[in-house]
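S.K.: Shown below is the structure under consideration.
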Amino acid sequence: MRFRDRIARFMYGRRGTDELSRFLLIVTIVLIVLSWVTGEVIGSLCWAAAILALGYCYFRILSRNIYKREKENGWYLRKKRAVAQWFRSLKDRWQQRKEYKFFRCPSCKTLLRVPRGKGKLILTCCKCGNRFERKT
Ligand SMILES: [Zn+2]
C-alpha cells in the first residue's frame, strides 16, 4: 500500500483541515516567532500557548466528531465575519469623514450618519426612534 493511500485510509471519517484549524496553525507560527523575540518569561508563555494551539489544531483535524467540529468552525467563521465587517465599517467612515459625521445612538448604540455643516440637529435614531441633539 502506498503512503498516500495509507494517509487517505487513516483520515477516512475524520474532520480534516478547515478554516479554524488553518487559523490555529497561523496562531501557532506567530506564537513561536513571538517566543523567539520576547524575553524568557513571556517567551516561555508564548511557547506553551503555541503548543496548546498546535495540539488543539491537530485534535480538530483528527477528530471523528465532525458535527461538533463543524459547529466550532461555524462559530469561528461568524466571529471572523464580524471582525471583517467592523474593519470595513471603519474604512467606510474614514473615506466619508469629509462629507458626513457619525454618531452613536445613546440608547441602542446604532451608528447614525449625518451630513456635515448643518449646525445643531435633533437626530432621530432609525432603529429605536430615540431623539438627541448633536452639532454637525
Ligand atoms: Zn437608537
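The values are calculated or read from the model by the stated rules, or taken from the named source; none is laboratory data. Since the structure is predicted, the reported quantities are computational estimates derived from the model, not experimental observations. For neighbour counting, all protein chains shown are included, and Cβ atoms are generated from backbone atoms with ideal geometry for every residue, glycine included.
S.K.: How many of the residues in the stretch 112-125 are surrounded by 12 or more Cβ atoms within 10 Å (Cβ to Cβ) and either closer than 20 Å to residue 99 by Cβ or of a type in the set (A, V, I, L, M, F, W, C) (or both)?
M.R.: Residues meeting the conditions: 6.
S.K.: Test of understanding: among 110, 28, which residue is under 21 Å from the mean Cα position of the chain (by Cα), among the hydroxyl-bearing types (Ser, Thr, Tyr) and within 16 Å of the ligand (Cβ to nearest atom)?
M.R.: Checking each option against the conditions leaves just 110.
S.K.: Further question on the same structure: Which pairs do you get when a residue that is in a strand (DSSP E or B), found in the stretch 87-111, comes within reach of a residue that is surrounded by 11 or more Cβ atoms within 10 Å (Cβ to Cβ) and among the hydroxyl-bearing types (Ser, Thr, Tyr), reach meaning Cβ atoms under 6 angstrom, with the pair 6+ apart or on two chains?
M.R.: If the second residue must be surrounded by 11 or more Cβ atoms within 10 Å (Cβ to Cβ) and among the hydroxyl-bearing types (Ser, Thr, Tyr), the pairs left are 101/136.
S.K.: From the list 109, 91, 79, 120, which one is more than 30 Å from residue 56 (Cα to Cα) and assigned by TED's automatic domain parsing to the domain that holds residue 21?
M.R.: So the residue among 109, 91, 79, 120 that is more than 30 Å from residue 56 (Cα to Cα) and assigned by TED's automatic domain parsing to the domain that holds residue 21 is 91.
S.K.: Out of 131, 64, report the one residue that is away from the ligand (no atom under 16 Å from the Cβ) and either under 20 Å from the mean Cα position of the chain (by Cα) or of a type outside the set (Asp, Glu) (or both).
M.R.: 64
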